[in-house]
Amino acid sequence: MKLRIPPILQFFLCGALAMLVSHYLPSLSYNSSILKIPAYVIGLAGTLLLLMAVAAFVKAQTTVNPHKPETASKLVTTGLYRISRNPMYLAMAMLLIAGATLLGNWAAFIGPVVFVAIITYLQIKPEEAVLTGQFGEAYTAYCQQTRRWI
């Protein structure tokens with residue numbers, strides 16, 4: 001699989017997009033003070049989800065490297081991976097939602113929306129093709145039981 005844009009770069013670019021559009025569309029601003037606590041809770045939950053998802057891969061002794069999913073030695077389907085096939089990307093989306101909320105501008109939510117779209121088409125779908133080829137029916141069955149996101 002040839003990775004065009006690494007997921008972490010997609011994450012940061014979408015965060016920058018959120019900041020940029022919120023700056024240039026001040027008329028879409030809102031008072032975010034009442035949403036600060038929920039935003040921090042979402043951000044903390046996203047951070048914990050990301051750490052737990054990575055820890056599951058480390059525990060299974062398989063790669064977390066998105067550049068080479070073909071080097072995965074095991075299919076992780078337990079814990080968080082029973083709920084979502086992509087908890088790492090879900091966590092990144094949660095962090096972007098938290099950031100957009102804190103920016104206090106409706107336009108900032110374009111960042112998480114774009115992230116979900118591009119990570120799905122540039123990363124997740126190609127990963128799925130590789131994992132289907134590598135793990136065959138086991139991965140196909142997993143995909144039928146577990147949603148891509150949540």
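Since every read-out is calculated from the coordinates, none of them should be taken as a lab result. Everything numeric here is computed off the predicted structure, so don't read it as measured data. With ideal geometry, Cβ positions are generated from the backbone for all residues, glycine too; neighbour counts draw on all protein chains shown.
A few comments on the model shown:
- Whole-number D in µm² s⁻¹ for the chain, Kirkwood Cα-pair radius fed into Stokes-Einstein, 20 °C, 1.002 mPa s: 132
- Relative contact order of the chain: 38 percent, from C-alpha pairs under 8 Å at least 6 residues apart in sequence.
- Over the chain: helical MRE at 222 nm, DSSP H runs n ≥ 4 each giving -39500 (n - 2.57), nearest 500: -19500 deg cm²/dmol
- Think of each Lys and Arg Cβ as +1 and each Asp and Glu Cβ as -1; about the Cα centre, that makes the dipole of the stretch 28-150 roughly 180 debye.
- All aspartates and glutamates inside 19 Å of K68 as judged from Cα atoms, apart from same-chain residues fewer than 8 positions distant: E127, E128
- The stretch between R147 and K59 holds 29.5 nm of extra length on full extension. This uses 0.36 nm per residue minus the Cα-Cα distance.
- Full extension of the segment from T78 to M19, taken as 0.36 nm per residue of separation minus the current Cα-Cα distance, would add 17.7 nm.
- Which of I110, L51, S29, positive extreme of dipole for the stretch 1-135 (C-beta unit charges): L51
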